[in-house]
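In what follows, a single structure is set out as structure tokens and then discussed.
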């Protein structure tokens, strides 16, 4: 079910500590939990990056590094147009 909320609960959308502007969207399907990293472009456009199934409490560092790389690539390509 999708609904309109004034503010999304931190359980579903939160800033990743130690990053510059990366956020984590959390979605659950049955007992599986998935994460998608994203960021805001110009304050209102949400750019979705990599997603993965999270199986532990700690977010894998390699997934954060991939998201940072994709974010940089996005801005590099945007700048070159």
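Any read-out appearing in this document is the output of simple, stated calculations on the displayed coordinates, not a laboratory observation. In this text the structure is predicted, and so the values were computed from the model without any measurement. Every residue, glycine among them, receives a Cβ derived from its backbone with ideal geometry; neighbour counts consider all protein chains shown.
The distance linking the range 49-81 with the range 1-35 is 15 Å (Cα centroid to Cα centroid, whole angstrom). The helix-based estimate of mean residue ellipticity at 222 nm for the chain, built from -39,500 (n - 2.57) per DSSP H run of four or more residues and divided by its residue count, is -8000 deg cm²/dmol to the nearest 500. What does a probe at residue 19 reach in the range 42-66, counting residues whose amide N is under 12 Å from the point 7 Å along Cα→Cβ? Taking a point 7 Å out along Cα→Cβ of residue 19, the residues of the range 42-66 whose backbone N falls under 12 Å are 47-52, 59-66.
Projected onto their three principal axes, the Cα atoms of the chain cover extents of 42, 31, 20 Å, largest first. Of the residues 52, 39, 13, the one that moves most in a GNM of the chain with alpha-carbon contacts below 10 Å is 52.
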